[in-house]
1. Being of a type outside the set (V, I, T), out of contact with any strand residue (DSSP E or B) (no Cβ under 8 Å at 6 or more places or on another chain) and within 11 Å of the ligand (Cβ to nearest atom) is the filter here; which residues of region 52-93 pass it?
2. Of the residues F34, F116, F124, which single one is surrounded by 18 or more Cβ atoms within 10 Å (Cβ to Cβ), of a type in the set (F, W, Y) and at pLDDT 95 or above?
3. Residues that are surrounded by fewer than 18 Cβ atoms within 10 Å (Cβ to Cβ) and either in contact with a Phe, Trp or Tyr (Cβ under 6 Å, 6 or more places away or on another chain) or closer than 29 Å to S159 by Cα (or both): does region 72-84 have at least one?
Amino acid sequence: MSFFEEKNPEMDRYLENHASAEPEILKKLRRETFQKTTQPHMISGYQQGRLLTIISKILQPKNILEIGTFTGYATLCLTEGLSKDGKITTLDVNEDLAYLPKKYFSESEYSHQIDFRLQDAKEFLKETNAFFDLIFIDADKENYAEYFRLIKPRTKSGSVVMFDNVLWYGKVLEEQPKQKSTQIIKELNDLAAKDDDFENLILPLRDGINLLRRK
Ligand SMILES: C[S@@+](CC[C@H](N)C(=O)[O-])C[C@H]1O[C@@H](n2cnc3c(N)ncnc32)[C@H](O)[C@@H]1O
């Protein structure tokens, strides 16, 4: 559920009815996420999932990074566009829930291209020397500004970066927010807009996606 879905469920249904079909494995995963997890609203869901797939198919990336696997919905959407020899590294810290993405990754036709790691994203980013063609960040909002600083050296010309939930249910409009996560998301959006090495746009889909491309 998002800021926009709450405001106009009828329009949301229309958008879903006029987009490409959701693959069967994702329908199953979505259902199980709602049955088995306490915060199913965290899932990327249908519309955002199709956007991730289309962007991935346009880029045909060799190397994708996802921060925040949750049950693996967005991971599987992103895999659809991977080049034949490409791979996706997806990170999460929730050990209790790891059985769910593991189950669906092993069922996926792209299982051999998915590297699922239970590792803190900051730790991973400080260790890795890899460059990524596509990075999707959908994790702890309090670290969004830090993630921006850490991922920048891991991008090259043409790399695409997507940060989810950057409208934060509309709270980014608060001038002096008390909530730490709102402050940091505002900082991230400012950093992205001011960094001359990237071009960017905030897509008002669901809770907002900051879409950046390294020049
Ligand atoms: C909103 S959910 C991700 C949703 C997922 N991308 C999807 O589309 O279904 C956020 C996830 O980030 C994970 N997370 C939180 N802090 C993290 C960190 N420091 N490193 C890696 N993952 C983290 C949480 O455990 C949670 O599963």
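1. Y73, L76, C77
2. Numbers: F34 fails: surrounded by 18 or more Cβ atoms within 10 Å (Cβ to Cβ); F124 fails: surrounded by 18 or more Cβ atoms within 10 Å (Cβ to Cβ).
One residue alone meets the criteria, F116.
3. We begin by selecting, within region 72-84, every residue surrounded by fewer than 18 Cβ atoms within 10 Å (Cβ to Cβ); these are 83-84.
Subsequent filtering for residues that are either in contact with a Phe, Trp or Tyr (Cβ under 6 Å, 6 or more places away or on another chain) or closer than 29 Å to S159 by Cα (or both) retains 83-84.
Yes, region 72-84 contains at least one residue that is surrounded by fewer than 18 Cβ atoms within 10 Å (Cβ to Cβ) and either in contact with a Phe, Trp or Tyr (Cβ under 6 Å, 6 or more places away or on another chain) or closer than 29 Å to S159 by Cα (or both).
Residue-by-condition table, conditions (1) farther than 21 Å from A74 by Cα; (2) in contact with a Cys (Cβ under 8 Å, 6 or more places away or on another chain); (3) within 14 Å of the ligand (Cβ to nearest atom):
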| site | (1), (2), (3) |
| --- | --- |
| A139 | no, no, yes |
| Y144 | no, no, yes |
| Y147 | no, no, yes |
| V166 | no, no, yes |
| G170 | yes, no, no |
| Q183 | yes, no, no |
| D195 | yes, no, no |
| I202 | no, no, no |
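The values are calculated or read from the model by the stated rules, or taken from the named source; none is laboratory data. Quick caveat, the model's predicted, so the values are computed rather than measured. Cβ sites come from the backbone with ideal geometry, for glycine too, and all protein chains shown count toward neighbours.
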